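This report concerns only the one structure given below.
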Amino acid sequence: MATGCISLTLPLPKVEVPLPLFTSTRTKIPTSTLPSISNLSRFRPNGFVVCSISSDRSTLGNQIQDKSNPLPQVQSCTWNWRGYSIRYQCSGSDGPALVLVHGFGANSDHWRKNIPVLAKSHRVYAIDLIGYGYSDKPNPRDVGDSFYTFETWASQLNDFCRNVIKDEAFFICNSIGGVVGLQAAVTEPQICKGILLLNISLRMLHITKQPWFGRPFIASFQNLLRSTAVGKLFFKSVATPESVRSILCQCYHDTSQVTDELVQIILDPGLQPGAVDVFLEFICYSGGPLPEELLPQVKCPVLIGWGNKDPWEIIELGRAYGNFDTVEDFVVLPNVGHCPQDEAPHLVNPLVESFVARHAKSPATSSTTI
């Protein structure tokens, strides 16, 4: 346990299985050690292209960035979507387009260890879903109960590919971002060339996964959070550095990766106006699609990667997703928690590269208008 981390242990079963670097149910994915990348400093967008950040001055783990082969710069940009300001980050000028989609409570900074590495041979984009990060956070009472849904985020993702990237793209998704990616691929299959799901949310709080006798109580509790001061008090207790660190120490197996920088990356956008209402709206969102409903409808190849030490999305339940015909492989990421892209980029980055290489038209796919 890293210094300063507070353990919040859940009574969940652990499955201890000796594993190689990757354990694959079907094919072997080649792996390699990639050069380290920098920790990008946090910044807020004020214009279309706000700034470029050099990626040659800091370290990842114990690896030192090769000064003779610097990583591409990363730009923070804003995009006007339906009148709302959307923050995204981008890097790289050649190769297939990748869109990195974050999970609940996170933002595009959660991909800071992946963007510049992948940008060496890809055009990489990481987006803040509306309501999260430094994108706008319209009040749910003003936009309606059906706004913060997977259908809305899927539309945002597809419009981003159409209007900003102007090309087909691979979706690389973590947690609830995986449901967003699947919904987007089902809605407009001509846009998505492939999806890599990292510890996709099982959506165990979905209303259909609750016992019938408990559903009225769940609805009442959700109404309490939304309509009274209880919800805001709950959020206030969560939106502190100590609480964020505790939560991260729970879902990261290697708690040394829970740094002060990471805590601020997650916490700061949550302190912006409107964040509390979006937070409460989503934790009360128990409808919408399930991964097991979307996977059979997807037309593009799907690869699943799963950290086997995830206390929230248990791998033994997630393995069932590997049985769908659309899923080409289920790759176990050993000794990794819920956010593999940040906790173990040395495993995730090669996985992304090999998946994209198998399904791209060429190593440097030219841009195609969609």
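When we screen 155, 175 for residues that are within 18 Å of the chain's Cα centre (by Cα) and either β-branched (Val, Ile, Thr) or on the phi > 0 side of the Ramachandran plot (or both), the only hit is 175. Can you tell me how many residues within segment 347-364 are buried (at least 20 other Cβ atoms within 10 Å of the Cβ) and either more than 25 Å from residue 112 (Cα to Cα) or in contact with a strand residue (DSSP E or B) (Cβ under 8 Å, 6 or more places away or on another chain) (or both)? Qualifying residue count for the region: 6.
For segment 189-228, filtered to residues that are at pLDDT below 75 and small (Gly, Ala, Ser), the residue that is surrounded by the most Cβ atoms within 10 Å (Cβ to Cβ) is 219.
Of all residues in segment 283-307, those satisfying the criterion of being in contact with a helix residue (DSSP H, G or I) (Cβ under 8 Å, 6 or more places away or on another chain) and in a helix (DSSP H, G or I) are 283, 291, 292, 294, 295, 297.
The rows are residues; the columns are (1) out of contact with any Pro (no Cβ under 9 Å at 6 or more places or on another chain); (2) surrounded by 22 or more Cβ atoms within 10 Å (Cβ to Cβ); (3) small (Gly, Ala, Ser).
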{"site": "116", "(1), (2), (3)": "no, yes, no"}
{"site": "124", "(1), (2), (3)": "no, yes, no"}
{"site": "144", "(1), (2), (3)": "yes, no, yes"}
{"site": "147", "(1), (2), (3)": "no, no, no"}
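Examine segment 86-104 for a residue that is modelled with pLDDT under 95 and of a type in the set (Phe, Trp, Tyr), and state whether such a residue exists. Within segment 86-104, one or more residues are modelled with pLDDT under 95 and of a type in the set (Phe, Trp, Tyr). In the condition set (1) in a strand (DSSP E or B); (2) in contact with a Pro (Cβ under 8 Å, 6 or more places away or on another chain), residue 90 is compliant with all but (2).
Hey, any hits in segment 137-159 for a residue that's assigned to a loop (DSSP other than H, G, I, E, B), of a type in the set (Lys, Arg), under 17 Å from residue 88 (Cα atoms) and touching a helix residue (DSSP H, G or I) at 6+ places or on another chain (Cβ under 9 Å)? For segment 137-159, residues assigned to a loop (DSSP other than H, G, I, E, B), of a type in the set (Lys, Arg), under 17 Å from residue 88 (Cα atoms) and touching a helix residue (DSSP H, G or I) at 6+ places or on another chain (Cβ under 9 Å): present. Somewhere in segment 262-277, is a residue more than 21 Å from the chain's Cα centre (by Cα), modelled with pLDDT under 95, surrounded by fewer than 21 Cβ atoms within 10 Å (Cβ to Cβ) and part of a helix (DSSP H, G or I)? Within segment 262-277 (the criterion being more than 21 Å from the chain's Cα centre (by Cα), modelled with pLDDT under 95, surrounded by fewer than 21 Cβ atoms within 10 Å (Cβ to Cβ) and part of a helix (DSSP H, G or I)), the answer is no, since none of the residues qualifies.
The values are calculated or read from the model by the stated rules, or taken from the named source; none is laboratory data. Keep in mind the model is a prediction, meaning the values are calculated, not measured. Methodologically, a virtual Cβ is constructed for each residue, glycine included, from the backbone with ideal geometry; neighbour enumeration extends over all protein chains shown.
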